[in-house]
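Asks: I have a structure I would like to understand better, so I am pasting it below and will then ask my questions one at a time.
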Amino acid sequence: MRAKKTLSISALAIVAALTLAGCAGGEDDSAAPEVEQTEFAEGSTMATLQEAGEITIGTKFDQPLFGLVDADGNPQGFDVEIGKLIAAKLGIAEDGINWTETVSANREPFIQSGEVDIVVATYTINDARKEVISFAGPYYEAGQDLLVLEGNPEGIEGPDDLAGKAVCTVSGSTSEKNIAAYTTEIIATGGYADCLEPLRTGAVVAVTTDNVILAGLADQNAPEFAVVGNPFTEEPYGIGLAKDDTDFRTFINDVLEEAYEDGSWDEAWGSTAGAVLDTPEPPAVDRY
């Protein structure tokens, strides 16, 4: 696959991500989605992308199960498979996808500037983000939780136990904003892999983000960490795209609903996050 990557994650995150990918075998067992040829309205985003034969998709490079670079530097995971489904419906094969790393802090700027065409990156839909971009989906619903050392030596059962204690999360994420209601001692990093060493050393007592991300980190680093298992938010994951591109948003929503019906959503989950987590019911698409 041709890959276009921005090298903004830290060396630590790169090493951690590649190590995790190596543990997973670095293989993508999912079948490539069937590429379709559909006639789109002239001048639409869909027609423009189809004519170009390529699409640039922003995703995470350090999220086990959802978006993690393998030993060859290619991203793998559920978000990646969702991106491939959308590309295929545009008539774009996998080798026409340019993958760009999007961390929590740069997702909206990358969409606004045209650096990427869409973002599929554990991207929570919320009203503040809708002010500057649009969302298709959701295609999955997570919940924010806590990752602690195995055995939970601090006895943390939920966010109410964090008052006055240091917690690590990612800068610019929804998780950072949510956890601020429970503690002011927040270490914000560029990627979740950067939070693992502070947890190991006791610099923080927990890492917080969505439960599925934490489950991936715990699985890839077993038996060091454990997820508390007490989600305290609802985090609907959406696909970010340019503000007010209604036709493109409608197209992506149609792709998602078709994937729910024809089983390709289940296949994408089963070949990635389904290795660790049970297959959930996909959420209803919100055609706002």
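Asks: Does anyone have the angle between helix 78-89 and the longest principal axis of the chain? Alpha-carbon axes, 0 to 90°, nearest 10?
Replies: 10
Asks: Continuing with the same structure: Using a Gaussian network model on the chain with a 10 Å cutoff between Cα atoms, which of GLY191, GLY83, GLY164 fluctuates the most?
Replies: Ranking GLY191, GLY83, GLY164 by mean-square fluctuation puts GLY164 first.
Asks: Of the candidates THR272, THR184, THR59, which one comes out as most mobile in a Gaussian network treatment of the chain with C-alpha springs shorter than 10 Å?
Replies: THR184
Asks: Determine the relative contact order of the stretch 144-227: mean sequence separation of Cα pairs under 8 Å and six or more apart, normalised by residue count, in whole percent. Write out the running numbers ahead of the final one.
Replies: Values: 142 pairs, mean separation 36.1, N = 84.
Taking the mean separation of contacting Cα pairs over the length of the stretch 144-227, I get 43 percent.
Asks: Separate question: Given the -39500 (n - 2.57) contribution per DSSP H run of 4+ residues, what per-residue ellipticity at 222 nm results for the chain, rounded to the nearest 500 deg cm²/dmol?
Replies: Theoretical 222 nm ellipticity from helices: -9000 deg cm²/dmol.
Asks: Find out how many positive minus negative residues lie around GLN112, taking Lys and Arg as positive, Asp and Glu as negative, among other residues whose Cβ is under 15 Å from that of GLN112.
Replies: Net of charged neighbours comes to -2.
Asks: Take the alpha carbon atoms of the stretch 94-134, find their center, do the same for the stretch 228-266, and report the distance between the two centers in whole angstrom.
Replies: Value for the Cα centre distance between the two parts: 13 Å.
Asks: List nothing, just return the count: lysine pairs in the chain, 8 or more apart or interchain, with Cα separation under 28 Å.
Replies: 25
Asks: Looking at the stretch 144-227, what % of the alpha carbon pairs are farther apart than 22 Å?
Replies: So the pairs more than 22 Å apart make up 10 percent of the total in the stretch 144-227.
Asks: Another question, then. When the chain is treated as a GNM, springs tying every alpha-carbon pair under 10 Å, which of ALA181, ALA105, ALA242 comes out with the largest mean-square fluctuation?
Replies: ALA181
Asks: Can you tell me the convex hull volume per residue for the chain, based on C-alpha atoms, in Å³ to the nearest whole number?
Replies: Numbers: hull volume 33.5 nm³, N = 288.
Convex hull volume per residue, Cα atoms: 116 Å³.
Asks: Determine the relative contact order of the chain: mean sequence separation of Cα pairs under 8 Å and six or more apart, normalised by residue count, in whole percent.
Replies: With pairs under 8 Å counted, the relative contact order is 25 percent.
Since every read-out is calculated from the coordinates, none of them should be taken as a lab result. It should be emphasised that the depicted structure is a prediction, and the values quoted were computed from it without experimental measurement. Reconstructed Cβ throughout: ideal geometry from the backbone, glycine too, with neighbour counts over all protein chains shown.
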